[in-house]
1. Just checking, does the stretch 269-281 include any residue being near the ligand (Cβ under 10 Å from one of its atoms), free of Cβ contacts under 8 Å to residues at least 40 places away in the same chain, touching a strand residue (DSSP E or B) at 6+ places or on another chain (Cβ under 9 Å) and part of a loop (DSSP other than H, G, I, E, B)?
2. Being in contact (Cβ under 8 Å) with a residue 40 or more places away in the chain, within 20 Å of Gln197 (Cα to Cα) and open to solvent by 40 Å² or more (accessible area, probe 1.4 Å) is the requirement here; does Thr106 meet it?
3. Please go through the stretch 462-505 and give me each residue that is surrounded by fewer than 18 Cβ atoms within 10 Å (Cβ to Cβ), among the small types (Gly, Ala, Ser) and assigned to a helix (DSSP H, G or I), ordered by number.
4. Quick one: Asp366 ticks every box in (1) within 24 Å of Ile210 (Cβ to Cβ); (2) open to solvent by 20 Å² or more (accessible area, probe 1.4 Å); (3) not basic (Lys, Arg) bar one, so which box is it?
5. Give the stretch 269-292 a look and list any residue that's surrounded by 15 or more Cβ atoms within 10 Å (Cβ to Cβ) and either among the hydrophobic types (A, V, I, L, M, F, W, C) or modelled with pLDDT of 95 or more (or both), or say none.
6. Give the residue that is surrounded by the most Cβ atoms within 10 Å (Cβ to Cβ), with candidates limited to residues of the stretch 400-423 that are among the polar types (S, T, N, Q) and under 23 Å from Pro462 (Cβ atoms).
7. Do the conditions hold for Thr396, that is, is it of a type in the set (Val, Ile, Thr) and open to solvent by 70 Å² or more (accessible area, probe 1.4 Å)?
8. Condition test on Leu204, is it open to solvent by 10 Å² or more (accessible area, probe 1.4 Å), in contact (Cβ under 8 Å) with a residue 12 or more places away in the chain and within 25 Å of Ala511 (Cβ to Cβ)?
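The values are calculated or read from the model by the stated rules, or taken from the named source; none is laboratory data. Quick caveat: nothing in here was measured; it's all calculated off a predicted structure. All Cβ positions, glycine included, derive from the backbone under ideal geometry; neighbour counts span all protein chains shown. Keep in mind that these areas ignore ligands, DNA and RNA; they rest on the heavy atoms of the full protein, side chains included. Shrake-Rupley method; radii C 1.70, N 1.55, O 1.52, S 1.80 Å.
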Amino acid sequence: MLNFDTVVPQQQIPLIHIVNEDDELLANSPEAEWYKILRDLPWESYCPIGADYYNALYHFNKSRADRQKEHNSLNEKKDEATQRLLFDRATMDETASVLLDEEFMTEIDPIVLPSMIAPGKTPDRLGGKKPKCFFALFKSFIGVSLMGFESTPEKVHLLLTSNLGFARVCGFIPKGDNDQYWFKYVPSIRKLEQFDQIMTDYGLWDRLKIKEVLENLQQGVIKQEKELVGDTTHYHAYSGFETVTYIDEKGKEKRKSQSKTTKNCRCKDKDNCEHPWQLADDGAGTIVKAHNKYIWGHKASILGFPLQGIPLDAIAVADAATYDGETFFPHVVRLFGQYPEIRSWIQTAIYDSACDSQKIKDKFRDELGIELKASLNPRRKKTMTENLPRGMKKLTPYGNLVCNADFEMDYKGARYQTEKFIYQAPLDANGTCVCDRCEQKQNCCPNASNGRVAEVSFNILPHIDSQDPPMAKRFKAIMTRRPSVERMIKRLKCDLGDDRLKKRSNASFQAYLDKTMIAFHILLRN
Ligand SMILES: [Zn+2]
């Protein structure tokens with residue numbers, strides 16, 4: 001029902017108000033949260049980016065002719081190109097950025113202004129046919145993520161054509177087979193691909209992601225935390241690879257998996273045409289998982305707040321073959337650059353054992369004033385069973401001490417004068433020492449009144465930092481918050497998308513991450 005009291009006098013009262021019954025059903029369905037979010041999306045706040053989309057579309061159409069003329073006079077052979085591309089990779093070139101560092105096209109004329117557009121109101125000045133509405137296209141891509149599918153042009157097209165309620169709430173009108181072009185009709189796959197490409201190439205997905213996170217920070221939807229947690233995750237690449245043989249700086253022959261060398265043109269004679277050789281899927285690389293499992297994929301670095309379980313950023317790693325420990329620091333630096341207020345909140349950064357290195361810890365402390373806590377990497381140290389204090393059965397590489405009666409000793413602290421870690425027998429459920437009724441007491445600690453106290457020299461556990469041992473309660477308490485990042489990754493990867501990519505290149509992988517982040521942060525507000 002329309003409420004006439006709320007209509008401002010100067011405003012025209014809508015004469016016809018069409019109500020689709022199934023749309024009402026969707027609006028009231030708790031399962032279809034996406035419907036309400038898309039229907040009530042505050043479009044005004046998206047106008048600046050919407051205007052830039054139309055400007056980018058204009059620039060894209062105008063420069064397409066120039067792009068096709070672009071050549072490259074390298075005259076490079078395919079084998080040479082493969083080697084050049086190999087040595088340009090971030091895992092081969094030490095000066096290359098570890099994280100994807102995109103150069104967006106930003107030199108566009110501001111012809112369309114934010115005030116000139118609205119949902120269903122597209123600018124006229126672009127020449128030719130009226131373009132499809134930015135708001136409708138944007139809602140379509142984000143809506144697909146909100147529904148739990150991967151936000152790709154194919155999936156968007158499938159849902160726009162098969163789910164009429166979805167098409168309508170985005171702002172499209174279903175098109176009949178013989179209907180002529182009209183800007184309100186559901187777009188073709190090609191148009192959806194073009195939208196996705198423009199949003200990617202001109203950095204608009206990236207800007208939208210930052211806008212959503214900033215808004216959630218400003219509105220207090222994201223609350224202050226003093227710890228930051230990070231991890232990497234992989235997505236399966238939509239490409240194959242070849243093994244490239246090369247000579248390293250020591251003159252040794254080595255091999256490395258690499259995406260195929262190809263050209264992005266449609267020439268018949270690719271070996272002799274003027275276009276440059278490229279990687280078919282730049283950024284893809286071999287990712288080594290536990291138990292010597294290898295995955296050909298793209299790698300992303302994720303940062304977030306552990307207590308609220310909110311991912312703050314997700315970024316493509318320049319070369320997926322990069323070791324995990326190398327991505328955390330540069331990513332935190334980038335995050336602080338984008339959201340300076342977060343920098344002042346953070347005291348501790350948490351990561352898994354890939355960052356258990358004094359060098360990385362020093363870097364965090366010296367350059368950011370942050371304490372880095374990483375799970376212990378025992379570096380092939382084995383559990384010890386000999387030369388232990390009396391009555392003790394084993395000492396794990398993590399510094400856990402277990403006695404002959406199979407009780408794990410409580411870690412009490414370190415004595416720095418004598419360079420020893422101190423352990424004591426635990427209490428049972430009734431609060432009495434487990435040694436009191438232990439059969440081993442006579443051989444272990446006959447005279448102890450408060451149970452066995454054992455000491456272990458620092459030099460028996462040389463890989464453990466005595467200033468910050470992983471057995472300490474504070475360390476354990478902080479590390480219980482680390483797996484929170486794994487839940488964030490699951491939400492981004494499974495609940496709002498798919499871990500099998502449908503497109504090549506790191507730029508489209510980054511755009512995919514941006515779209516899921518946008519959906520996550522819109523959902524967070526609702
Ligand atoms: Zn060519």
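1. Yes, that holds for at least one residue.
2. On the way: in contact (Cβ under 8 Å) with a residue 40 or more places away in the chain: yes; within 20 Å of Gln197 (Cα to Cα): yes; open to solvent by 40 Å² or more (accessible area, probe 1.4 Å): yes.
The answer is yes for Thr106.
3. Ala477
4. Checking Asp366 against (1) within 24 Å of Ile210 (Cβ to Cβ); (2) open to solvent by 20 Å² or more (accessible area, probe 1.4 Å); (3) not basic (Lys, Arg), the one that fails is (1).
5. Trp277, Leu279, Ala280, Asp281, Asp282, Gly283, Ala284, Gly285, Thr286, Ile287
6. Looking only at the stretch 400-423, we keep the residues that are among the polar types (S, T, N, Q), and these are 400, 404, 417-418.
Now drop any that are not under 23 Å from Pro462 (Cβ atoms), which leaves 400, 417-418.
On the way: Asn400: 15, Gln417: 5, Thr418: 10.
So, considering only residues that are among the polar types (S, T, N, Q) and under 23 Å from Pro462 (Cβ atoms), the one surrounded by the most Cβ atoms within 10 Å (Cβ to Cβ) is Asn400.
7. On the way: of a type in the set (Val, Ile, Thr): yes; open to solvent by 70 Å² or more (accessible area, probe 1.4 Å): no.
No.
8. Values: open to solvent by 10 Å² or more (accessible area, probe 1.4 Å): no; in contact (Cβ under 8 Å) with a residue 12 or more places away in the chain: yes; within 25 Å of Ala511 (Cβ to Cβ): yes.
Considered against the rule, which asks whether it is open to solvent by 10 Å² or more (accessible area, probe 1.4 Å), in contact (Cβ under 8 Å) with a residue 12 or more places away in the chain and within 25 Å of Ala511 (Cβ to Cβ), Leu204 comes out as no.
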